[in-house]
C-alpha cells in the first residue's frame, strides 16, 4: 500500500505511530487520552467499539486474501475430535475410532483439490478449514501433500487452541467473532465438504444450507461425507414429511463416502447462481 500513488500525498499512519512513541516522557504523553485512537488497545477493546472490531475482522482476512490473489475456495468442515488413524486407539469413544478413516478421506480430498489449485497458482479452489485439529488438520495437511497453499480460520476459545502446523502461515487467521468467521468460510466458496463432527460442524452445515435454501447464497455442491453418520443424527426425510422444509430441499446436499465420490459431483456440477423461487413458499 505504501507504493500506491493514491496514498503518496499523505503521511502514513505507521509513521505517526512510530513518532508518537518517541515523545518526551511527561505526564501528558503517558496519559491514555494522548494515545492515537487506532494504536490504543484499551480503547479499541471497549464495548462501544464492537462495530469497529467487527469491521476489522471482516476486512483484515479479505485484504490479505485479495493480496494473495485468492479468488475461490473449497470449504472443509469437520470435527476436531476425529483422530488420525494412527492414533485411533486414543479416541474417547468407539464411534470416534470408527470415524478415524475420515481423517484420511479429508486429507485425500484436500490433496486432490489442491493439485488443481496449484495449476491456478493457488488462486482458484483453495482449501479452507477451521485451522484446528482433527478433520481440519487433515484438510490443511492434504494441501501440503500437494505442494499448495491452504487457509486456516481459527477462533479464540476459552481452552488452549493453536493453529495446526499445516496451515499456510500467511493465510492463517484468528477470529473473535464466530459470525464474521463464518462469513469468511463462505464468501469465496465454490464447494462445501462436511465431515462428521459436533455442534460446530452442525452449525456450519445448517448455516450453509439455510443460505442456499433461501437464495441468499449461490448454489454450490454441499457434500456430506459418511451417509450412515448423517442419517443417524439427522432425520432428513422427517423434516420434509413435517413440511418444515420442502422435498426439493433434500437435493441441496449429496452424501459421499470417498474423495473420489466428492470430486465426481464437483466435476459434474453446473453453477446456476442463487435460487429464485423458494419451494414451499
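The values are calculated or read from the model by the stated rules, or taken from the named source; none is laboratory data. In this text the structure is predicted, and so the values were computed from the model without any measurement. A quick note on method: Cβ atoms are made from the backbone with ideal geometry, for glycine too, and the neighbour counts reach across all protein chains shown.
What are the residues in region 102-124 that are in a loop (DSSP other than H, G, I, E, B) and either in contact with a helix residue (DSSP H, G or I) (Cβ under 9 Å, 6 or more places away or on another chain) or under 22 Å from residue 227 (Cα atoms) (or both), if any?
Answer for region 102-124, where residues must be in a loop (DSSP other than H, G, I, E, B) and either in contact with a helix residue (DSSP H, G or I) (Cβ under 9 Å, 6 or more places away or on another chain) or under 22 Å from residue 227 (Cα atoms) (or both): 122, 123, 124.
Of the residues 136, 125, which single one is under 13 Å from residue 195 (Cβ atoms) and in contact (Cβ under 8 Å) with a residue 40 or more places away in the chain? First the steps, then the outcome.
On the way: 125 fails: under 13 Å from residue 195 (Cβ atoms).
None of the other options fit; the residue is 136.
Scan region 205-229 for residues that are closer than 19 Å to residue 99 by Cα, assigned to a helix (DSSP H, G or I) and touching a helix residue (DSSP H, G or I) at 6+ places or on another chain (Cβ under 8 Å) and report the count. Steps first, please.
In the first step, residues of region 205-229 are kept if they are closer than 19 Å to residue 99 by Cα; the result is 205, 223-229.
After this cut, where a residue has to be assigned to a helix (DSSP H, G or I) as well, the list is 205, 227-229.
If we keep only those that are touching a helix residue (DSSP H, G or I) at 6+ places or on another chain (Cβ under 8 Å) as well, we get 229.
Total meeting the criteria: 1.
Name the single residue that is modelled with the lowest pLDDT among those in region 1-25 being more than 37 Å from the chain's Cα centre (by Cα) and assigned to a loop (DSSP other than H, G, I, E, B).
So, considering only residues that are more than 37 Å from the chain's Cα centre (by Cα) and assigned to a loop (DSSP other than H, G, I, E, B), the one modelled with the lowest pLDDT is 9.
Okay, residues lined up against (1) closer than 30 Å to residue 111 by Cα; (2) surrounded by fewer than 11 Cβ atoms within 10 Å (Cβ to Cβ):
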position	(1), (2)
24	no, yes
37	no, yes
46	no, no
60	yes, no
65	yes, no
72	yes, no
78	yes, no
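Is one or more of the residues making up region 47-66 modelled with pLDDT of 90 or more, within 30 Å of residue 149 (Cβ to Cβ), in contact with a strand residue (DSSP E or B) (Cβ under 8 Å, 6 or more places away or on another chain) and in a strand (DSSP E or B)?
no
When the residues of region 235-257 are filtered to those that are in a loop (DSSP other than H, G, I, E, B) and in contact (Cβ under 8 Å) with a residue 12 or more places away in the chain, which remaining residue is farthest from residue 205 (Cα to Cα)? Outline the logic, then answer.
Residues of region 235-257 in a loop (DSSP other than H, G, I, E, B): 235, 243-246, 253, 257.
The next check asks that each one be in contact (Cβ under 8 Å) with a residue 12 or more places away in the chain; those that pass are 243, 245-246, 253, 257.
Details: 243: 20, 245: 15, 246: 17, 253: 10, 257: 17 Å.
That would be 243.
Restricting to region 115-141, name every residue that is closer than 20 Å to residue 261 by Cα and over 16 Å from the mean Cα position of the chain (by Cα).
115, 116, 117
Among the residues of region 183-190, is there at least one that is without any contact (Cβ under 8 Å) to a residue 40 or more places away in the chain and not in a loop (DSSP other than H, G, I, E, B)? Step through it out loud before you land on a result.
To start, the set of residues in region 183-190 that are without any contact (Cβ under 8 Å) to a residue 40 or more places away in the chain comprises none.
Within region 183-190 (the criterion being without any contact (Cβ under 8 Å) to a residue 40 or more places away in the chain and not in a loop (DSSP other than H, G, I, E, B)), the answer is no, since none of the residues qualifies.
Looking only at region 184-201, which residues are surrounded by fewer than 17 Cβ atoms within 10 Å (Cβ to Cβ) and touching a helix residue (DSSP H, G or I) at 6+ places or on another chain (Cβ under 8 Å)?
187
How do the pairs read when you match residues in region 258-281 that are closer than 24 Å to residue 215 by Cβ with residues anywhere that are in a helix (DSSP H, G or I), using Cβ under 8 Å and keeping only pairs 6 or more apart or on different chains?
Partner pairs satisfying both residue conditions: 275/212; 275/213; 278/213; 279/247; 279/248; 279/249; 280/248; 280/249.
Condition first: in contact with a strand residue (DSSP E or B) (Cβ under 7 Å, 6 or more places away or on another chain) and within 19 Å of residue 129 (Cβ to Cβ). Now tell me which residues in region 210-229 satisfy that.
Within region 210-229, 220, 221, 222, 223, 224, 225 meet the criteria.
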